[in-house]
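Data first, discussion second: the structure below is written as structure tokens.
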Amino acid sequence: MKFNKKLESIKTYEAGKPIELVVREFGIDPKNIIKLASNENPYGCSQKVKDAVVDIIPKMALYPDDSMIKLKNALSNRYKVKNENIIIGSGSDQVIEFAIHAKASSESKILINSVTFAMYEIYAKHVGAQIIRTDSQHHDLNEFYKLYLEEKPEIIFLCTPNNPTGDAIDSKELFDFISKIDSDTLVIVDGAYMEYAIGKDASKKVDPKELIEKFDNVLYLGTFSKAYGLGGMRVGYGISNSKIIEELYKLRPPFNITTLSLEAASVALSDEEFVNKCIISNFQEMKRYEEFAKEQKIDIIKSYTNFVTLCLNNRHKSSLIAQELLEKGMIVRDLSGYGMNALRVTIGKKEQNDRFFELLTEII
Ligand SMILES: *Cc1c(COP(=O)(O)O)cnc(C)c1O
């Protein structure tokens, strides 16, 4: 059977290996498997969220509220924007998909960082758009600007903090950069880890309200999958100028968010205390990763997220080490597919991190 030619160059996205797969492949007891591969919140989600989801179960027979009014109100209250500035996606992934389909075509170019979130390229390929990458591993906005002038991209992605490197763009530099971009180029600021960045360094804070007040060509993305601990619920959002939101809405399938997910996300926003506690623990544990790396003479990239990127020296191959860890029940992300000899490790709970240190020391 013949398929759409655009699919030929697409590699299926390899998500962090699920625990179930390691159980089947290596026969390890699920109790002894630790997954530090997908930047999920190791502390789970707020108890208030769990209670609210149980309470909403009787409504499961009905279609969800497609206006998503409760969640939109909660988000507009959090960010001080209007409901017309918000679109909700099945993960912010889906909002990325809407945005690329809305703006790009097979004649378009999309400018991204050399190492960044893999889904930008996959969705770009759906529409046959060409991906342009910078050279430097960290967002170098001078290089972005040079390539913007040369290539005239339709869309520019800025992922801050960046996945899978963990570094973040200085907020002032980001605003200066966007002010130099013409209003017909869509700038997408992916803030999937913004809650963590704010917890570490205020100069990295990008406020979506300020963004959309200053610029009418910017789409800000946020998600409930990381700091809020709701990866399994699949809820993310885009904040932008109402005209852009209107266009994205044309691509949204009806009922794209389930009743349970809408409820979970709305309630999650009301328990700031839970998220703040997780962020504090995250950075306490991150210190231990930094000390471990120093002891082991492994380079670690300064991270503003809930993961660290360990750059191995040429005596160790990250793909082999990730495989050895996997066989011992420790799932981390090998970054060789991104052209880096590095491991991305989600910061877990204390005992999980202890186990990682122990296993990695054993292997290297
Ligand atoms: C996790 C992540 C997302 C989206 O996650 P969803 O679960 O689809 O909301 C988007 N961008 C980056 C950089 C991420 O790491």
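If the requirement is being open to solvent by less than 10 Å² (accessible area, probe 1.4 Å) and either in a helix (DSSP H, G or I) or modelled with pLDDT under 95 (or both), which of these qualifies: Leu343, Leu320, Leu325? Give the derivation first.
Details: Leu343 fails: either in a helix (DSSP H, G or I) or modelled with pLDDT under 95 (or both); Leu320 fails: open to solvent by less than 10 Å² (accessible area, probe 1.4 Å).
Among Leu343, Leu320, Leu325, only Leu325 is open to solvent by less than 10 Å² (accessible area, probe 1.4 Å) and either in a helix (DSSP H, G or I) or modelled with pLDDT under 95 (or both).
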query: So Pro18 clears everything in (1) out of contact with any Lys or Arg (no Cβ under 8 Å at 6 or more places or on another chain); (2) within 17 Å of Val332 (Cβ to Cβ) except one condition, right? Which one?
result: (1)
field: Selection from segment 124-142 of residues that are buried (at least 23 other Cβ atoms within 10 Å of the Cβ) and not in a loop (DSSP other than H, G, I, E, B)
entry: Ala124
message: Condition (residue is more than 14 Å from the ligand (Cβ to nearest atom) and among the hydrophobic types (A, V, I, L, M, F, W, C)) applied to segment 91-99: is it met by at least one residue?
response: no
- line: Phe26: passes all of (1) surrounded by 14 or more Cβ atoms within 10 Å (Cβ to Cβ); (2) modelled with pLDDT under 95 but (1)
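Would you mind finding the one in Asn341, Asn256 that is among the polar types (S, T, N, Q) and in contact with a Lys or Arg (Cβ under 8 Å, 6 or more places away or on another chain)? Give the derivation first.
On the way: Asn256 fails: in contact with a Lys or Arg (Cβ under 8 Å, 6 or more places away or on another chain).
Result of the check over Asn341, Asn256: Asn341.
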statement: Going through segment 258-297 in order, the residues found to be touching a residue at least 40 places away in the same chain (Cβ under 8 Å) and outside any helix (DSSP H, G or I) are Thr258, Asp271
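Go through segment 195-229 and give me each residue that's touching a Gly at 6+ places or on another chain (Cβ under 7 Å) and either of a type in the set (Lys, Arg) or within 16 Å of Gly89 (Cβ to Cβ) (or both). Lay out the reasoning, then the answer.
Taking segment 195-229 and keeping what is touching a Gly at 6+ places or on another chain (Cβ under 7 Å), we get 206, 219-225, 229.
Once the filter is applied, which keeps residues that are touching a Gly at 6+ places or on another chain (Cβ under 7 Å) and either of a type in the set (Lys, Arg) or within 16 Å of Gly89 (Cβ to Cβ) (or both), segment 195-229 yields Leu219, Tyr220, Leu221, Gly222, Thr223, Phe224, Ser225.
Taking Ile280 as the residue in question, decide whether it is open to solvent by less than 20 Å² (accessible area, probe 1.4 Å) and modelled with pLDDT of 95 or more. Working first, answer last.
Working: open to solvent by less than 20 Å² (accessible area, probe 1.4 Å): no; modelled with pLDDT of 95 or more: yes.
In short, no.
Would you point out which residue out of Glu20, Glu8, Glu25 is under 24 Å from Phe224 (Cα atoms) and out of contact with any Cys (no Cβ under 9 Å at 6 or more places or on another chain)? Steps first, answer last, please.
Details: Glu8 fails: under 24 Å from Phe224 (Cα atoms); Glu25 fails: under 24 Å from Phe224 (Cα atoms).
Answer to the check: Glu20.
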query: Taking into account only those residues within segment 100-123 that are of a type in the set (Ser, Thr, Tyr) and in a loop (DSSP other than H, G, I, E, B), which is nearest to the ligand (Cβ to nearest atom)?
result: Thr116
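Hey, does segment 247-263 have a residue that's under 25 Å from Lys172 (Cα atoms), within 16 Å of the ligand (Cβ to nearest atom) and either assigned by TED's automatic domain parsing to the domain that holds Asp354 or open to solvent by less than 50 Å² (accessible area, probe 1.4 Å) (or both)? Write out each step before concluding.
First, the residues of segment 247-263 that are under 25 Å from Lys172 (Cα atoms): none.
No.
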- prompt: Would you say Lys6 is more than 16 Å from the ligand (Cβ to nearest atom) and outside any loop (DSSP other than H, G, I, E, B)?
  reply: yes
field: Positions within segment 165-205 being buried (at least 22 other Cβ atoms within 10 Å of the Cβ), among the hydrophobic types (A, V, I, L, M, F, W, C) and not in a strand (DSSP E or B), in sequence order
entry: Ala168, Ile169, Ala192, Met194, Ala197
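The values are calculated or read from the model by the stated rules, or taken from the named source; none is laboratory data. Only a predicted model underlies this, so the values are computations on that prediction, with no experimental measurement involved. Glycine also receives a Cβ, built like all others from the backbone with ideal geometry; neighbour counts cover every protein chain displayed. Just so you know, the surface numbers come from the protein's heavy atoms only, side chains and all, with ligands and any DNA or RNA stripped out. Shrake-Rupley method; radii C 1.70, N 1.55, O 1.52, S 1.80 Å.
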